[in-house]
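Written out below as structure tokens is the structure these notes cover.
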Amino acid sequence: MGQTITQKILAAHCGKETVEAGELISAKLDLALGNDITAPIAIREFEKIGAPTVFDKERVALVPDHSTPNKDIKSAELVKIMREFSRKHDIKYFFEIGKMGVEHTLLPDEGLVGPGDVIIGADSHTCTYGALGAFSTGVGSTDLGCAMALGETWFKVPETIKFVYYGKMPKWVSGKDLILYTIGKIGVDGALYCSMEFTGEAIREMGMAGRFTMCNMAIEAGGKNGIIEPDEITMAYIKGRLKRDYKIYKSDADAVYKDIIEIDVSKLEPIVSFPHLPENARPISESTHIKIDQSVIGSCTNGRIEDLRVAAEVLKGHKVHPDVRLIVIPATQEIFLQSIKEGLTEIFVEAGAAVSTPTCGPCLGGHMGVLAAGERAVATTNRNFVGRMGSSKSEVYLANPAIAAASAVLGRLGSPEELS
Amino acid sequence: MLKGTVHKYGDNVDTDVIIPARYLNTTDPKELASHCMEDIDPDFVKNVKPGDIIVAEDNFGCGSSREHAPISILASGISCIIANTFARIFFRNALNTGLPILECPEAVAGISNGDTVEVDIAEGKITNVTTGKTYQAKPFPPFMRELIEVGGLVNYAKAKLGY
Ligand code: SF4
């Protein structure tokens, strides 16, 4: 019987020829990740185990990105725990403020994740790296603490749902819209415990930024991982970046799928997910009555240079609506610098946006743009749960960067086509 | 045997309502517990008593990987969660941190808010003391039972490394 790409990667990491869905395995890890919220607890658990040091100091990545630059004293204490642990154990990939970025954008860009890897991260959006043909999934802090000691962890081999996207993508429709539409179709638990394999001509023609966005949000459908088979676009991206060997796996033609879902992208328009679940997806044309107070462009979902280019293209020559605060956050220092070099930052500032140093900040209601009661934001982030961006009485609408930029100018949800 | 009053919720109780991110600047279980469920049930912290049980429908614990969620629930006094299904990271985190969880749609359908419920974790047996009905939850696979028996993943890792 054929195997999916996810089965093949997991089998190779537990020393087996094949693995079956539902099987419990212990797999070797290529990388284990933690951030300033999850790593301090992982470090506490690691210390309880009593291991003298981590399994491999080049295979642990610690990224202080959520509450940084430190937003308050308590956050500063948490980052200090990470920093001291990194120094003590000589962790190679601790990313200090000034060299950091939002973890799921930073690690691929730094060449720390590659095709065929098995990666866990104490952060639910660790599934992002599936865009490179890796198996990667989010876990909790205790899992990370034990993984740092053992270099392996247990998994239940997931069943896979295959998504086939066909047709040409209309203008302003992006990977974000495909994934929001998909979550709208199957629901926030539509892929519970499953692997989501994204295929089809629309994926083959999509750049890495859109692929990262799609795999990033697999968790929003309850998925264990999102994954895309590597191709020339993947190879071009990892070239000159990837710091380790890699191996390419592809699904067999006779691999077994739990379900196969086909989606014609040529009929889609940009999608907005209404509060308070990502599954509340509606086309932008049915959303233009929603007034907004804030627009956020950034996060591990849409903070790449490609996203900033789209936002700048829409904003150029326009001013942010007087009733709106637009906040633009490049996901990493490298992207921040690139945005300056390309003149994008200038466009943002001239339009009246606040441009920030890389941080998760407002995405989780931490800092840098928290919402008051009754306020509404459109955001390129990935979650619109109750209270996600601040007050439990605020609202978040999820969209792509073009919609977030156009809405900032219009003062309400809207499409770039409405701007003259 | 666990026994307590039921706090019942619906589908998709996410980790942001279990413990909002604005409180994630601490890892202290007591402090986390003082904000547990605040955005979905502001009276939860006031009402919860040691041993109480959460019953919920589909996809409990969806969203972020924050272990602060099971930690805050456990520290609030909750002894066990029964749901139709759990989101997978929450499922792992609960096992790893020693918070008992059971999947049992029949029990969820037959239990109302405020009922008194008794749970035998080892057997997966759930009794609604208020109505007198009993339910059988899906048993855990042997590996997961072993994890629970040794008291979570840290003890498992210790044993594996010989510390
Ligand atoms: S940007 Fe948002 S979703 Fe991504 S890692 Fe940061 S807090 Fe999580």
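The values are calculated or read from the model by the stated rules, or taken from the named source; none is laboratory data. If you're wondering where the values come from, they're calculated on a predicted model, not measured in any experiment. Reconstructed Cβ throughout: ideal geometry from the backbone, glycine too, with neighbour counts over all protein chains shown. The accessibility values were calculated without ligands, DNA or RNA, using every heavy atom of the protein model including side chains. Shrake-Rupley method; radii C 1.70, N 1.55, O 1.52, S 1.80 Å.
Only lysine pairs 8 or more places apart or on separate chains count here, and in the stretch A:280-420 those with Cα atoms under 25 Å apart total 5. Taking a straight line from the alpha carbon of residue B:125, these lysines sit under 16 Å away, with near neighbours fewer than eight places off in the same chain left out: B:3, B:133, B:138. Using a cut-off of 20 Å between Cα atoms, the listed pairs A:8/A:250; B:8/B:49; A:71/A:176; A:28/A:80 include A:71/A:176; A:28/A:80 as exceeding that distance. The magnitude of the dipole of the protein assembly as shown, with charges of +1 and -1 set on the Cβ of Lys/Arg and Asp/Glu and taken from the Cα centre, is near 860 debye. In terms of accessible area, using a 1.4 Å probe and ignoring ligands and nucleic acids, A:154, A:172 rank largest first as A:172, A:154. A simple spin-label model places the labels of residue B:26 and residue A:417 5.1 nm from each other, with each point 7 Å out along Cα-to-Cβ. Is the protein assembly as shown best put as rounded, prolate or oblate by its Cα gyration tensor, with a ≥ b ≥ c the root eigenvalues, rounded for a/c under 1.5, and otherwise prolate when a/b is larger than b/c, oblate when not? Since a/c stays below 1.5, the shape of the protein assembly as shown is classed as rounded. Mean partner shielding of peptide B:6-13, defined as the number of other chain Cβ atoms within 10 Å of each residue Cβ, is 2.
Applying 1/(1 + (r/R0)^6) with R0 = 25 Å to the Cβ-Cβ distance of residue A:349 and residue A:323 gives a FRET efficiency near 0.85. 3J(HN,Hα) couplings calculated from phi for the stretch A:106-117 with the Karplus curve 6.51 cos²θ - 1.76 cosθ + 1.60 (θ = phi - 60°) are, in sequence order, 5, 5, x, 5, 7, x, 9, 10, x, x, x, 6 Hz; Gly and Pro show x.
Spin-label model, residue A:47 to residue A:204: label points 7 Å out along the Cα-to-beta-carbon direction sit 5.3 nm apart. At an R0 of 60 angstrom, the distance between the Cβ atoms of residue A:288 and residue A:87 translates into a FRET efficiency of 0.70. Dipole magnitude for the stretch B:28-153: about 220 debye, using +1 per Lys or Arg Cβ and -1 per Asp or Glu Cβ, origin at the Cα centre. Note that the stretch A:407-420 has calculated 3J(HN,Hα) couplings of 5, 4, 7, 6, x, 8, 4, x, 9, x, 5, 7, 8, 7 Hz, one per residue in order, obtained from phi through the Karplus relation 6.51 cos²θ - 1.76 cosθ + 1.60 (θ = phi - 60°); glycine and proline are x. Heavy-atom accessible area for residue A:171, with the other protein chains in place and a 1.4 Å probe, reaches approximately 130 Å².
Among B:145, A:241, A:388, the order of accessible area from largest down is B:145, A:241, A:388, computed with a 1.4 Å probe on protein heavy atoms. Each label was represented as a point 7 Å from its Cα along the Cα-to-Cβ direction; for residue B:144 and residue A:247 these points are 2.9 nm apart.
Exceedance of the 28 Å cut-off in Cα-Cα distance is limited, within the set A:57/B:160; A:156/B:46; A:48/A:74, to A:156/B:46.
Here's the picture: charge each Lys and Arg Cβ at +1 and each Asp and Glu Cβ at -1 in the protein assembly as shown, and of B:100, A:331, A:289 the one pushed furthest to the positive end of that dipole is A:331. Across peptide B:18-30, the average count of Cβ atoms from other chains found within 10 Å of a residue's Cβ is 6. Classified by the C-alpha gyration tensor, the stretch A:306-420 has an oblate form. Its axis ratio a/c, with a ≥ b ≥ c, is 1.5 or above, and a/b does not exceed b/c.
In the assembled protein chains, residue A:77 presents an accessible area of approximately 100 Å² (probe radius 1.4 Å). Taking every protein chain into account, the 1.4 Å probe leaves residue A:66 with about 20 Å² of accessible area, to the nearest ten. If R0 is taken as 30 Å, the Cβ-Cβ distance between residue A:73 and residue A:372 corresponds to a FRET efficiency of 0.80. Considering only A:10, A:124, A:202, and ranking their Cα positions along the charge dipole of chain A that arises from unit charges at the beta-carbon of Lys, Arg, Asp and Glu, the one farthest toward the positive end is A:124.
What do you get for GluC sites (Glu not before Pro) in the stretch B:93-135 restricted to DSSP loop and a cutoff of at most 16 other Cβ within 10 Å of the site's Cβ? Filter output for the stretch B:93-135: B:123. Which of A:178, A:107, A:150 ends up with the largest GNM mean-square fluctuation for chain A, with Cα atoms connected below 10 Å? It is A:150.
Other protein chain C-beta atoms within 10 Å of residue C-beta, averaged over A:42-52: 4.
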